[in-house]
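Remarks on the structure that follows.
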Amino acid sequence: MVGSPDGRTRYREVFASAEFRALFAAHTISTVGDQFARVALTVLVFRDTGSPAWAAITYALTFLPDLIGGPLLSGLADRYPRRAVMICSDLLRAALVALMAVPALPWPVVCGLLVLVQLAGAPAVPARTALLPHILPGPTFRAGAAALSTVSQAAQVAGFAAGGVLVVAVGTGGVLLIDAASFAASAAAVAWWVVPRPAPGDPAGDRPGWWRAVTSGAVLVWRDRRLLALICFASLSAFYICGEALAVPLADQLGGGPVAAGLLFAAYPAGCALASLFVATRPERTQLRALPVLAVATSAPLIACVLNPDLPVLVLLFVASGAASAYHAIASPTFALWTPDHARGQVYGLAVTALKIAQGLGVAAAGIAAEHASPHHVLAAGGVLGVLAALGVGVLWRRSGALDEGRPVTS
């Protein structure tokens, strides 16, 4: 598959691949099902305990295990055939989620199974990301990665929106069975349509042990300033995520209530999804030059919040911030392409972990700051700090030589 004469990629070229269509369908189905389960589990635990704290902890358990599973388990995508890793991950999650649907199961057991479900899924994303350059070679990989990211955001919104309705219609157990079925369907799509490939091989012919693979991944990133800069770009989300973290108090401050909060929550992913689809089809050289500019532009709109704008303006500022954050549609596939194939799963898992830690710290910092200052001032301060940090990462990016030399698509 080749791009157009102007260097741009067309999405029809991406979806012409039956293997990619299978990955796209599998990812969409399992993501929607996952969001259904998040709603159902939160409702189930709150119903059994009557505790908002335990309900919140249960929701957090759908994210926190990734901080452990990311660096420790993502290397499985480099030790075994990646297609097999994705299938096994989906089937294991299907079995565990089905077990969670057993009636009258004590909620502490449900929480324990939930941790296992998240750990079982840890190798799946690195495996898919590491496999994708082999399915979509050249510029089409970037467009394919953007399509997967966009459908992920859309599926999350749809899953959350429909999850509550489904809980009422079929109960928490029924929703969990739907999630289990979604994982089984995802595994079937990958098994049926994705071509088997051997496990990636180290050019040196050496297969390192588990702990050595984890540490060597971190060393690889540290020694390659281009990869380090890309992880720093991803970590900038710690600053602009404060908008989402403070959406509810901002809406309350504006007197808008839940509807206003919903608009603010939706504004960022809407801007990001639409812009990502556009950015990912630009010529590669254009993308790499735009990366530091977009990183700065992601936090810059938040500075205007110091003026305490009304709701329509605030929503537009959030949309603008989300649109600029489409730089992730550049940084993420570039990171995967510039990582040697035999270590791609492990290193990508480390990058995802860094992103989630940054987002968690950003949310916590914004919440604490909002206890002592008005939400719009906290948002403006986050914007200033984000712009300064992005300028610093931009300097690292230019000095890394990322714009001066290319790298092969696969290593």
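Structural remarks
- Contacts under 8 angstrom Cβ, first residue in segment 104-127 being assigned by TED's automatic domain parsing to the domain that holds SER332, partner in a helix (DSSP H, G or I), 6 or more apart: none
- Summed over segment 113-169, residues that are under 22 Å from ALA275 (Cα atoms) and within 14 Å of the chain's Cα centre (by Cα) total 14.
- In segment 7-31, the residues that are hydrophobic (A, V, I, L, M, F, W, C) form Cβ pairs under 7 Å with partners that are surrounded by fewer than 20 Cβ atoms within 10 Å (Cβ to Cβ) and in a loop (DSSP other than H, G, I, E, B), at six or more places apart or across chains, as follows: ALA16/MET1.
- Spans of helices (runs of 4 or more DSSP H) in segment 281-373 with at least 2 residues within 15 Å of GLY383 (Cα to Cα) and without any contact (Cβ under 8 Å) to a residue 60 or more places away in the chain: 284-303, 311-324
- Residue within segment 143-156 that is β-branched (Val, Ile, Thr), assigned to a helix (DSSP H, G or I) and without any contact (Cβ under 8 Å) to a residue 60 or more places away in the chain present: no
- For segment 193-202, the count of residues that are exposed (fewer than 15 other Cβ atoms within 10 Å of the Cβ), modelled with pLDDT of 80 or more and part of a helix (DSSP H, G or I) is zero.
For every residue, the table says whether it meets (1) of a type outside the set (S, T, N, Q); (2) modelled with pLDDT under 75.
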residue	(1), (2)
GLN35	no, no
VAL45	yes, no
ALA56	yes, yes
PHE63	yes, yes
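- ALA251 being modelled with pLDDT of 80 or more, part of a helix (DSSP H, G or I), under 22 Å from the mean Cα position of the chain (by Cα) and among the aliphatic types (A, V, I, L, M): no
- Residue satisfying condition, being of a type in the set (A, V, I, L, M), within 18 Å of the chain's Cα centre (by Cα) and surrounded by fewer than 20 Cβ atoms within 10 Å (Cβ to Cβ), within set ALA295, ALA273, ALA266: ALA266
- Matching entry among VAL315, VAL378 (being farther than 21 Å from ALA218 by Cβ, crowded, with 22+ Cβ neighbours inside 10 Å and not polar (S, T, N, Q)): VAL378
Conditions (1) within 29 Å of GLY173 (Cβ to Cβ); (2) of a type in the set (Lys, Arg), marked per residue:
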| site | (1), (2) |
| --- | --- |
| ARG12 | no, yes |
| LEU23 | no, no |
| HIS27 | yes, no |
| GLN35 | yes, no |
| ALA40 | yes, no |
| VAL43 | yes, no |
| ARG47 | yes, yes |
| SER51 | yes, no |
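- Selection count, segment 112-131, where residues are among the hydrophobic types (A, V, I, L, M, F, W, C), more than 17 Å from ALA180 (Cα to Cα) and modelled with pLDDT of 90 or more: 3
- Assessment of segment 87-94 against the conditions (in contact with a Leu (Cβ under 7 Å, 6 or more places away or on another chain) and in contact (Cβ under 8 Å) with a residue 24 or more places away in the chain) yields no matching residue.
- Selection of segment 351-373 for residues being at pLDDT 85 or above, closer than 13 Å to GLY243 by Cα and of a type outside the set (A, V, I, L, M) yields only GLY362.
The values are calculated or read from the model by the stated rules, or taken from the named source; none is laboratory data. Everything numeric in this text was worked out from a predicted model, so none of it was measured. As a convention, Cβ positions derive from the backbone with ideal geometry for all residues, glycine included, and neighbour counts pool all protein chains shown.
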